[in-house]
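To keep things clear, I will list the structure first and then write my remarks on it.
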Amino acid sequence: MVTQQITQKKAYKTEKTKPPRQLATEKYRSMNHWFWSGLTRYPGLMFISITFLIINAVISILPGVLLGLGIDVLKTEGYGRNFIIIVVLIISAALIGWLTSFLSGYLWGIASYRFERDIREEFFDVVQEHSMAFHDEHDSGILLSMAMNETNQIRFAYHPSIRQVVSSFLSILLTTSYFFIRIPIGSEFIGVGNWPIGLMITFGFSLYIFLAWVYARRVGPIRRELATELGNVSSASQETFRGIEVVRSFDNEKTEEMKFTQVSLRLADKIRKEGYLSSFYWPALIMVLFTAASFGIGLWFVLQDNGLMSVGQLSSMLTLLIQLVILNFMLPIRLLAIQAGRINARRIWDVMTFKDPLIEPVKSKKLDWSRPLVFQNVSFSYPGKEKLVLKDVSFTIPPGSRVALLGGPGSGKSTILKLLLRLYDPTSGAIFLGDTNLREVSTFDVRKDVTLVEQDIFLFGASFKDNIAFSKPEASMEEIKTAARRAQIDKFIESTPKGYDTIIGERGVTLSGGQRQRIAIARALLAEPKLLLLDDSTSAVDIKTEIRLRLAMEELIKGRTSIIVTQRLSTLVDSDLILFLDKGRVIDLGTHEELLERCSEYQFMLSLLPRGKELINKKKESRVKTPKGG
């Protein structure tokens, strides 16, 4: 998956445009259009499969028809040439029926599994396109369950369910036709040619199919709840696995087991209800009753000795009806699977058609990073929340400036970085680069010029090389090594068993915090962004490494705008501009010297930092000495 993402990103970087692949929500009009598209996505496979299915439906009734004909021939002609031909035909029909059934199922299965692959990729593509507002509202465990379990249920609706339903309908059609036709074969006949029996059988099957579909719809709400509970189980297990270190460190395994048992029991209850309805399937009685009634009427015709029905024809009729009853006992299960597939498709479609508050422009404007970056009366609250995280924030950042964001927890520092990446759009107000509103620029065009080194570093379960090159997949090995050297991580990478090809653990769990951050910084260095965002990126780096890292970062920061969330005194002193935030508002804006001179809140914040008090005292002493010198 990581390699695929890197390959796609490489193509995007090369073309400098949005990926040309059309999203499912753009290609298909509705859930039904998307769900039933599985029948037309691979027309060649489906056409051949349906052809074999029709041949199989015709062939499958021949043994029953020939059986009755053989009994009549044996009765009138005895054991002779015609009887042997009929036996050979029965055996041949059985073999051809098996072969056509296999070929039809095999080809239909290939098309169905490809359809499952397609819809899973389409779901992934749409989820990737949604903004962070989508991910704030949708649990990742439930999304994972949809991508794996519910797409599998949609495929199960196609294979074997829809194929067997089509086969059942063809068998019903051909079997009922047997009761209406009467084809002479020598001195005998194929078919009953009895309209009363034919109409009764037709009515019985029609009623059965209608009741089976009504029954499947009754199970629908339970199937919907079942899909929800399955997602909850996936979410609960994923949460526990992600936080396994916390669970173990607090010796809290029993609590997690109880939580998981509760969601598992709810899932088991829904499965039990569905199983109960499936087991007590009363419409099947209709098939049995109509079969018994047809046999009784047929037996009466045979006993009349009026030539309306022979013993062989009665045998064929009974064989075909029993064969059809056995075949169609699976029909409700298949209809239920189709209904379940449609319900899962509806759930996935509703997620894919999420009304995203972040709207992409029809035509993206170009960004000129030589212009100032302006926040104009920006307020912001996270989707689904009423509380404003930023409140009427306004400031201007000159191009090429080194800006420090300072403030306590919840002051809105990280939110400003997310808005600059267009992970979200402001609730009110606007962000401009020169005269260009960021809303008028596609997220792809914004993010190819903006790089974030986040506080909670995310690394893929791939090699060091792939993790560093994620920001620039087309980078050469020399560029990757240079970035690693500048980030002070090259010696560690080279000391691992396979060097840059060494696979790191999931989310980088085998690395220290400092090592993870230096890999993330190497990734940012390789991107060569126009705007660099660092969210406390050196918080887990020791003093010695930080000094070397700062020297390496100087070259990257020079000539481009950088915004750093920091609590480090050295970073504050070296910044061209400090933006001091508190509870979503800008308290003050200026250089370190300006804020130290006029902002009491800044002085207090500084006093809490190492060597901060010393700096404040020096400033006070200089104030006292200045008048005397004057």
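No lab work stands behind these numbers, since they all come straight from the coordinates. In this text the structure is predicted, and so the values were computed from the model without any measurement. Counting neighbours? That spans all protein chains shown, and the Cβs are built from the backbone with ideal geometry, glycine included.
Please give the FRET efficiency for Thr396 paired with Val573, using the beta carbon to beta carbon distance and R0 = 22 Å, rounded to the nearest 0.05. The pair Thr396/Val573 has a calculated efficiency of 0.50. Given their separation in residues at 0.36 nm each and the Cα-Cα distance between them, Val325 and Leu39 gain 100.2 nm when the chain is fully extended. Each eigenvalue of the Cα gyration tensor of region 134-205, multiplied by 5 and square-rooted, gives one semi-axis; in descending order these are 50, 12, 5 Å. Remark: region 16-76 carries a charge dipole of roughly 620 debye about the Cα centre, counting +1 on each Lys and Arg Cβ and -1 on each Asp and Glu Cβ.
Of the residues Lys254, Lys448, the one with the fewest other Cβ atoms within 10 Å heads the list, and the complete ranking is Lys254, Lys448. Gain on full extension, evaluated as 0.36 nm per residue between Ala293 and Thr502 minus their Cα-Cα distance, stands at 67.9 nm.
Near Trp36, within a Cβ-to-Cβ distance under 15 Å, what is the net charge of the other residues, with Lys and Arg +1 and Asp and Glu -1? Counting the neighbours of Trp36, the net charge comes to +4. Take the alpha carbon atoms of region 354-370, find their center, do the same for region 397-420, and report the distance between the two centers in whole angstrom. Cα centroid of region 354-370 versus Cα centroid of region 397-420: 21 Å apart. Counting neighbouring Cβ atoms within 10 Å and putting the fewest first, the residues Ser370, Ser168, Ser145 line up as Ser370, Ser168, Ser145. Taking the square roots of 5 times each eigenvalue of the Cα gyration tensor of region 331-399, largest first, gives ellipsoid semi-axes of 46, 18, 7 Å. Note that region 365-371 has calculated 3J(HN,Hα) couplings of 7, 7, 9, 10, 7, 8, 9 Hz, one per residue in order, obtained from phi through the Karplus relation 6.51 cos²θ - 1.76 cosθ + 1.60 (θ = phi - 60°); glycine and proline are x.
Scalar couplings 3J(HN,Hα) for region 54-65, obtained by applying the Karplus form with A = 6.51, B = -1.76, C = 1.60 to θ = phi - 60°, are 5, 4, 5, 4, 5, 5, 5, 8, 4, x, x, 5 Hz; x denotes Gly and Pro. Peptides 564-577, 55-68 ranked from most to least packed by the mean count of surrounding Cβ atoms within 10 Å: 55-68, 564-577. Taken about its Cα centre, region 20-352 carries a charge dipole of about 620 debye when Lys and Arg each add +1 at the Cβ and Asp and Glu each add -1 at the Cβ. In terms of distances greater than 29 angstrom between alpha carbons, the cross-link table entries Lys363/Lys465; Lys418/Lys558; Lys259/Lys385; Lys366/Lys491; Lys27/Lys448; Lys365/Lys413 yield Lys363/Lys465; Lys366/Lys491. Beyond 22 Å, what percent of the Cα pairs of region 417-518 remain? When all Cα pairs of region 417-518 are counted, 42 percent exceed 22 Å. Label zone of Tyr106 (point 7 Å out along Cα→Cβ, amide N under 15 Å): in region 58-100 this covers 96-100.
Highest mean first, the peptides 416-424, 434-442 sorted by other C-beta atoms within 10 Å per residue fall in the order 416-424, 434-442. Computed extension gain for Ile48 through Asp435, at 0.36 nm per residue and net of the alpha carbon distance, reaches 133.4 nm. Sorted ascending by nearby beta carbons within 10 Å, beginning with the fewest, Met31, Met146, Met258, Met46 become Met258, Met31, Met46, Met146. Normalised by residue count, region 20-352 yields a Cα convex hull volume of 164 Å³ per residue.
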